[in-house]
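Here is the structure we will look at, set down as C-alpha cells.
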Amino acid sequence: MPTTVNQEAVNDRPVIGILTQLVSDEAMQPFGRTYIPSSYVKYLESGGSRVMPIRLTLTTAEYENIFQKINGLILIGGAADLEKSDFAKVAKIFYRLAVMANDAGDFFPIWGTCMGMQLLTVLVAQENLLECTTAENIAMPLNLTTEGTSSRMFKDFPDELMKALTSEPLTGNFHRFGVTVKTFQENERLHNFFSLLSTNVAENGVHFVSTIEGKRYPFYGVQWHPEVNRFQWNRKLNFPHSRHAVQLSSLLAEFFVNEGRRSLHQFDNPEEEDSSLIYNYTPVYAANFTAYQQIYFF
Ligand SMILES: *[C@@H]1O[C@H](CO)[C@@H](O)[C@H](O)[C@H]1NC(C)=O
Ligand SMILES: *[C@@H]1O[C@H](CO)[C@@H](O)[C@H](O)[C@H]1NC(C)=O
C-alpha cells in the first residue's frame, strides 16, 4: 500500500476507465470500429475494480464529465499514432485533467501498458522520443534500478517474487519501439517527471526503459504486458504463465486498483453507473483470428 494513503477516504467501489482502440486489423473489422481486449478488463476486475469502456468519439465536455466519475484510467497497448490519432487526443484530455486534479489534491491514477506507456512519455516530454527498441515476442526478467527496489509499484512485493522478477522471464515484450535509457536520462522533462524503475536490452543491443512511475503523480508505465500472464494463451506467443508470472500480474492489478480506491470520483446515480460499465457488453471469442482470447467490440 502507498505510504500516503488518505486515511479518511477510501473508495471500495472503484471504476477504472479504459480507452478503446481503433480496429485496424482486417480480421477484426466485421465486429466493430473500436475494441478492448478482454485481458485488460479481466486484469482490472481481478484487482477488485469495475471497468468503464471509453469511446474515442465523444466531445471534450463529455470526457470532462466522465473524468469526474471514474477513479483511474488505463491506456492499453495496440497500434496508434501517438500524436495525431483519436486515441492520443483523448488520452491527452484525460492526462491534462489528471494532472490538474492531482495538483488540486484530487487523487487520480493513470497506467500505461506498452503503447500506453509510450503515449505517457509523449505526453510528459511533449514530443515523440521513441526509437527502435525491438523486443518482439520475448519474455525477460527486469533489470531493476535502485529506484525500482524502493518504488511504490514494487516495494511491497514478497522477497521471493522480487528475486524472481530479476532472474526469471516474467515480463512479456511485444514491441518495436520504446524510449532508450540514454534518451530518458538526457530528456529533462522525462527524468524530472518519472523515476526509472527497470530497464531491458532490445534485440539491437539498445537499453530501453521498461518500467516507470511518476515521482509526484500516480502515473505508471510498463513497456511489457502484465495482463497476458493470466489472460492470454496464444501458443505461438511467449506469454509468461509461471507461478511467479501470475503472482506478478495479480499484485500489479491489485496495486493499481488500490490507487483507484484513493479517488473519490463517482457517478451521479446508480443507474448512470450501471449503464456505463463494461458488463453491458459481451466479448467475442477471438482466439481463432487474433492473439487475444476474447475481445469487446464497440
Ligand atoms: C540487464 O543488464 C545487463 C547489463 O547491462 C545486460 O547484460 C542484460 O542483458 C540485461 N538483462 C535484460 C533481461 O535485459
Ligand atoms: C472463430 O470461431 C468462431 C466460434 O467458434 C466461429 O464462429 C468463427 O467463424 C471463427 N472465425 C474464424 C475466422 O475462423
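The values are calculated or read from the model by the stated rules, or taken from the named source; none is laboratory data. The shown structure was predicted, so the numbers you read here are calculated from the model rather than taken from an experiment. Cβ: placed from backbone, ideal geometry, glycine included. Neighbour counts: every protein chain shown. Accessible surface areas use protein heavy atoms only, side chains included; no ligands, DNA or RNA. Shrake-Rupley method; radii C 1.70, N 1.55, O 1.52, S 1.80 Å.
Listing for the model above:
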{"item": "Once exposed loop trypsin sites (Lys or Arg not before Pro) are cut out (DSSP; at most 15 other Cβ, 10 Å), longest piece of the chain", "result": "85-154"}
{"item": "Taking the chain and dividing mean pair separation by its residue count, relative contact order in percent (alpha carbons under 8 Å, at least six apart)", "result": "27"}
{"item": "Under-21-angstrom lysine pairs by C-alpha in the chain, whenever the two are 8 or more apart or on separate chains", "result": "8"}
{"item": "Quotient of Cα Rg and 2.2 N^0.38 Å for segment 15-297, N being how many residues it contains", "result": "0.94"}
{"item": "Helical contribution to [θ] at 222 nm, DSSP H n ≥ 4, -39,500 (n - 2.57), averaged over the chain, rounded to 500", "result": "-9500 deg cm²/dmol"}
{"item": "Rounded D (µm²/s) - segment 165-209, Kirkwood Rh over Cα pairs, Stokes-Einstein at 4 °C, 1.567 mPa s", "result": "111"}
{"item": "Carbon plus sulfur fraction of accessible area for the chain, probe 1.4 Å, in percent", "result": "49"}
{"item": "Whole-number accessible area per residue in Å² for the chain, which is evaluated in the context of all protein chains at 1.4 Å", "result": "44"}
{"item": "The chain, dipole about Cα centre (Lys/Arg Cβ +1, Asp/Glu Cβ -1), debye to the nearest 20", "result": "400"}
{"item": "Amide H contacts under 5 Å for residue 133, placed H, 5+ residues apart", "result": "177, 178"}
{"item": "Computed magnitude of the charge dipole of segment 1-129 (debye, nearest 20; Cβ of K, R +1, Cβ of D, E -1)", "result": "200"}
